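Taking it in order: structure first as structure tokens, then the write-up.
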Amino acid sequence: MNRSKFLISTKDLDQEVVYEFHDLAPEELDIKCGRSITVGNINATVSLQKSAIGIGVDFRVVFHGEYICMRCLIGFADNYDSALHLDYVEGDDPYLHIENVELNPHDADRVYYRGPLIDLSLGMREAVLLALPITPVCKDECRGLCPECGTNWNLKSCKCKVDKAGIFTPQSKTAKK
């Protein structure tokens, strides 16, 4: 994997600089998709500006995702436009070798680096991963599958008696008795 196109010099950064990346394959950002999720090509705009603590970097990623609904197991797609801000700070991570760390709110937004280059792929990857749903659902009102017979309740009803909801049946949407 060639990450050299994501390495940006910090030496001559006197004013805001904007980089655009088009049609990045997920693999270029080390994003591995499984059977239930597919991420399409990614477009990113990255803005860098010196700040009091280092370099402030704003990431905006736009991409298409395809999923399998966790309730009804039907495929669906969605478009994402995600933003993320990170502060790149030169030096060693002060928490790197500490076992139990209590982070401050701003610590999660910091990336520590050494040398004259920063790697923008880390922030682009994080912006994509933070935008992806943890439990993809095709629609909020998805009724899921009958746990007894497997009928997709979005398409038709069944005569099964279901007393309690499971992973594929939302609590408020169990079959009518």
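Keeping to segment 105-159, report how many residues are surrounded by fewer than 18 Cβ atoms within 10 Å (Cβ to Cβ), of a type outside the set (A, V, I, L, M, F, W, C), assigned to a helix (DSSP H, G or I) and touching a residue at least 24 places away in the same chain (Cβ under 8 Å).
So the answer is 2.
Quick check: is even one residue across segment 60-67 hydroxyl-bearing (Ser, Thr, Tyr) and touching a residue at least 12 places away in the same chain (Cβ under 8 Å)?
There is at least one residue in segment 60-67 that is hydroxyl-bearing (Ser, Thr, Tyr) and touching a residue at least 12 places away in the same chain (Cβ under 8 Å).
Is it the case, given these coordinates, that Val89 is surrounded by 14 or more Cβ atoms within 10 Å (Cβ to Cβ), touching a residue at least 12 places away in the same chain (Cβ under 8 Å), farther than 30 Å from Asp23 by Cβ and not charged (D, E, K, R)?
The answer is yes for Val89.
Do you know which residues across segment 4-34 are in contact with a helix residue (DSSP H, G or I) (Cβ under 9 Å, 6 or more places away or on another chain), among the charged types (D, E, K, R) and either outside the structural domain of Gly54 (by TED's automatic domain parsing) or free of Cβ contacts under 8 Å to residues at least 24 places away in the same chain (or both)?
Result: Lys5, Lys32.
Please go through segment 21-73 and give me each residue that is closer than 30 Å to Leu155 by Cα and not in a loop (DSSP other than H, G, I, E, B), ordered by number.
Listed by number, the residues that qualify are Ile37, Thr38, Val39, Gly40, Phe63, His64, Gly65, Glu66, Tyr67, Ile68.
Taking into account only those residues within segment 16-36 that are at pLDDT below 85 and of a type outside the set (Gly, Ala, Ser), which is farthest from His64 (Cα to Cα)?
Narrowing segment 16-36 to residues at pLDDT below 85: 33-36.
Next, from what is left, pick out any that are of a type outside the set (Gly, Ala, Ser): 33, 35.
Values: Cys33: 13, Arg35: 16 Å.
Step by step, filter segment 16-36, then rank; the result is Arg35.
The values are calculated or read from the model by the stated rules, or taken from the named source; none is laboratory data. From a predicted model like this one, the values you see are computed outputs, not experimental measurements. Cβ coordinates were reconstructed from backbone atoms using ideal geometry, including for glycine residues, and neighbour counts include every protein chain displayed.
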